[in-house]
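The values are calculated or read from the model by the stated rules, or taken from the named source; none is laboratory data. This is a predicted model, so every value here is computed, not measured. As a convention, Cβ positions derive from the backbone with ideal geometry for all residues, glycine included, and neighbour counts pool all protein chains shown.
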């Protein structure tokens with residue numbers, strides 16, 4: 001990878017500043033070289049200052065347009081216009097469903113090599129890619145003039161320390177035909193606040209699965225005692241016991257907390273793909289043959305409705 005600027009795409013940056021996961025994406029980009037950031041909405045001065053503090057040398061905005069009210073197509077068209085202006089050697093997007101679709105559309109527009117499910121980056125542009133639901137890791141590098149990389153969260157390990165400075169702001173207008181047949185967001189419903197940390201940003205997660213039989217009370221009580229986020233397996237979300245926003249796994253969210261407590265989850269490959277990079281994994285399952293024990297650092301064979309409440313009470317007692 002040359003010293004050319006790396007363009008990091010951030011979907012929508014809140015007025016109060018970027019999310020932790022967005023800053024991690026900027027840090028991951030800095031592994032490849034100097035970073036510029038493309039933001040789909042008009043960022044506040046506070047947000048621009050925070051991006052500069054984390055190493056962004058330039059911030060590109062869509063000018064008079066606000067792409068936050070549209071789905072993928074206009075965003076990909078605008079990002080291609082930013083690439084034409086910034087001339088980066090690589091574009092980094094997040095590995096969400098929308099991020100991967102943007103990467104695919106951008107790859108077609110730029111005739112660029114696209115690598116998704118990236119879990120780590122090397123300075124020469126080599127991407128470590130998670131395949132077969134996290135069972136294997138391969139290395140890939142685009143041979144095209146520009147590379148498009150969809151990067152999973154927590155892939156910034158080894159990133160150089162940021163060099164804080166002032167980021168210049170540049171407006172790049174959205175191409176006029178970008179909104180033709182574009183899907184627009186017509187309404188939003190605010191998610192009820194639980195007081196718990198966001199799943200992808202939490203340092204501790206307590207997750208429940210089929211073994212809860214629909215009762216997430218012990219999961220939530222332990223999470224609250226630990227100041228943790230609540231997660232769930234696909235089986236639990238598909239059953240309607242908890243919202244899909246809480247799903248961890250190959251078709252859900254990828255997490256890498258300091259501590260992941262799995263309760264009543266078998267640990268099938270779909271679940272493992274989303275959490276096996278957690279620093280410490282504790283599994284509670286009544287089946288001693290459950291696959292989750294193969295990846296757990298600590299395992300408890302027992303009924304989660306007995307084990308978790310005891311853990312919750314002990315934590316509360318020790319914390320006074």
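Go through 125, 99, 107 for me and flag whichever is on the phi > 0 side of the Ramachandran plot and in contact with a strand residue (DSSP E or B) (Cβ under 9 Å, 6 or more places away or on another chain).
That would be 125, the only listed residue that is on the phi > 0 side of the Ramachandran plot and in contact with a strand residue (DSSP E or B) (Cβ under 9 Å, 6 or more places away or on another chain).
Tell me, which residue of the stretch 190-226 that is loosely packed, with under 14 Cβ neighbours inside 10 Å and either assigned by TED's automatic domain parsing to the domain that holds residue 152 or within 21 Å of the chain's Cα centre (by Cα) (or both) is farthest from residue 283 (Cα to Cα)?
This residue is 190.
Does residue 281 satisfy being in the same structural domain as residue 209 (by TED's automatic domain parsing) and either outside any loop (DSSP other than H, G, I, E, B) or at positive phi (or both)?
Yes; evaluated as a whole, the condition is true for this residue.
Mind listing whichever residues of the stretch 234-254 are part of a loop (DSSP other than H, G, I, E, B) and within 19 Å of residue 194 (Cα to Cα)?
Passing the criteria: 240, 241, 242, 243.
Does residue 142 satisfy the condition of being in contact with a strand residue (DSSP E or B) (Cβ under 7 Å, 6 or more places away or on another chain), assigned to a loop (DSSP other than H, G, I, E, B), within 29 Å of residue 270 (Cβ to Cβ) and in the same structural domain as residue 39 (by TED's automatic domain parsing)?
Numbers: in contact with a strand residue (DSSP E or B) (Cβ under 7 Å, 6 or more places away or on another chain): yes; assigned to a loop (DSSP other than H, G, I, E, B): yes; within 29 Å of residue 270 (Cβ to Cβ): yes; in the same structural domain as residue 39 (by TED's automatic domain parsing): yes.
So residue 142 passes the test.
Is it fair to say residue 133 is closer than 25 Å to residue 57 by Cα, modelled with pLDDT under 95 and part of a loop (DSSP other than H, G, I, E, B)?
No, not satisfied.
Please work out which one of (1) without any contact (Cβ under 8 Å) to a residue 24 or more places away in the chain; (2) out of contact with any helix residue (DSSP H, G or I) (no Cβ under 9 Å at 6 or more places or on another chain) is the condition residue 303 fails and give its number.
Condition (2) is where residue 303 drops out.
Checking residue 269 against (1) over 15 Å from residue 207 (Cβ atoms); (2) more than 27 Å from the chain's Cα centre (by Cα), only one condition comes out false. Which one?
With respect to (1) over 15 Å from residue 207 (Cβ atoms); (2) more than 27 Å from the chain's Cα centre (by Cα), residue 269 is out only on (2).
Give 150, 163, 103 a once-over and let me know the one that is assigned to a loop (DSSP other than H, G, I, E, B) and closer than 27 Å to residue 47 by Cβ.
Residue meeting the stated conditions: 163.
Taking only the stretch 166-192 into account, find how many residues are within 30 Å of residue 30 (Cβ to Cβ), touching a strand residue (DSSP E or B) at 6+ places or on another chain (Cβ under 7 Å) and assigned to a loop (DSSP other than H, G, I, E, B).
2
Report whether or not residue 156 is in contact with a helix residue (DSSP H, G or I) (Cβ under 7 Å, 6 or more places away or on another chain) and under 19 Å from residue 274 (Cβ atoms).
Considered against the rule, which asks whether it is in contact with a helix residue (DSSP H, G or I) (Cβ under 7 Å, 6 or more places away or on another chain) and under 19 Å from residue 274 (Cβ atoms), residue 156 comes out as yes.
Just to be sure, is residue 120 in the same structural domain as residue 36 (by TED's automatic domain parsing), touching a residue at least 12 places away in the same chain (Cβ under 8 Å) and in contact with a strand residue (DSSP E or B) (Cβ under 7 Å, 6 or more places away or on another chain)?
yes
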